[in-house]
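One structure below.
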């Protein structure tokens, strides 16, 4: 995993849960439509960017929840993943024009219940009723009157990019 202790990877829009909740609640009182995306965002690529650009069209304020390193290591069980630490991944996401706030958090359903976004935005590749995690996320967002939305951008996966590099370039 690539890591750094440098101060150059700091961003004012990467917030702790309490600070983010305070800002989101104030924006909701102003009538702003809050959107939430969640994921690992390992090795930021054009697929991530187009997804987040499409997500921003669904809301006024886009919050992105980045999965911590421990979550990625446990869930993926792939050697060398994530490639970048959650701090570096959050920093990269925070620098995108479409993204207003970033949170590092393991549990997407919990983030939905805390922030109560108007829309929870997933990629088209998640648009399946057979995914039990997606069903829990859908229940969480609908429990406060929000809805789940799927972007229609082309799927591009970090795993596929890594496979291509290993097989075709090295």
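Residue count for the stretch 24-38 satisfying the condition of being touching a strand residue (DSSP E or B) at 6+ places or on another chain (Cβ under 7 Å) and either within 26 Å of residue 165 (Cα to Cα) or in a helix (DSSP H, G or I) (or both): 4. Against the condition without any contact (Cβ under 8 Å) to a residue 24 or more places away in the chain and surrounded by 12 or more Cβ atoms within 10 Å (Cβ to Cβ), how does residue 30 come out, does it pass? No, not satisfied.
Any idea which of 70, 160, 168 is assigned to a helix (DSSP H, G or I) and in contact (Cβ under 8 Å) with a residue 24 or more places away in the chain? Step through it out loud before you land on a result.
On the way: 160 fails: in contact (Cβ under 8 Å) with a residue 24 or more places away in the chain; 168 fails: in contact (Cβ under 8 Å) with a residue 24 or more places away in the chain.
After ruling out the rest, the residue left standing is 70.
Among the conditions (1) surrounded by fewer than 12 Cβ atoms within 10 Å (Cβ to Cβ); (2) assigned to a helix (DSSP H, G or I), residue 138 misses just one, which is (1).
Pairs are defined by a Cβ separation below 9 Å, a sequence spacing of at least 6 or placement on different chains, a first member in the stretch 110-137 that is in contact (Cβ under 8 Å) with a residue 12 or more places away in the chain and on the phi > 0 side of the Ramachandran plot, and a second member that is part of a helix (DSSP H, G or I) and crowded, with 18+ Cβ neighbours inside 10 Å; the pairs so defined are 116/24; 116/141. Taking the condition more than 23 Å from residue 157 (Cβ to Cβ), in contact with a strand residue (DSSP E or B) (Cβ under 9 Å, 6 or more places away or on another chain) and modelled with pLDDT under 95, does residue 11 pass? Yes; evaluated as a whole, the condition is true for this residue. Of the listed requirements (1) surrounded by 14 or more Cβ atoms within 10 Å (Cβ to Cβ); (2) in contact with a helix residue (DSSP H, G or I) (Cβ under 8 Å, 6 or more places away or on another chain); (3) modelled with pLDDT of 75 or more; (4) over 24 Å from residue 15 (Cβ atoms), residue 152 misses just one: (1).
Out of 96, 103, I need the residue that is more than 22 Å from residue 147 (Cα to Cα), at pLDDT 95 or above, outside any helix (DSSP H, G or I) and within 14 Å of the chain's Cα centre (by Cα). Which one? Talk me through it step by step, then tell me what you get.
Working: 103 fails: more than 22 Å from residue 147 (Cα to Cα).
Residue meeting the stated conditions: 96.
The values are calculated or read from the model by the stated rules, or taken from the named source; none is laboratory data. These figures come from a predicted structure and were not determined experimentally. Because the Cβ atoms are built from the backbone with ideal geometry, glycine has one as well, and the counts that use them run over all protein chains shown.
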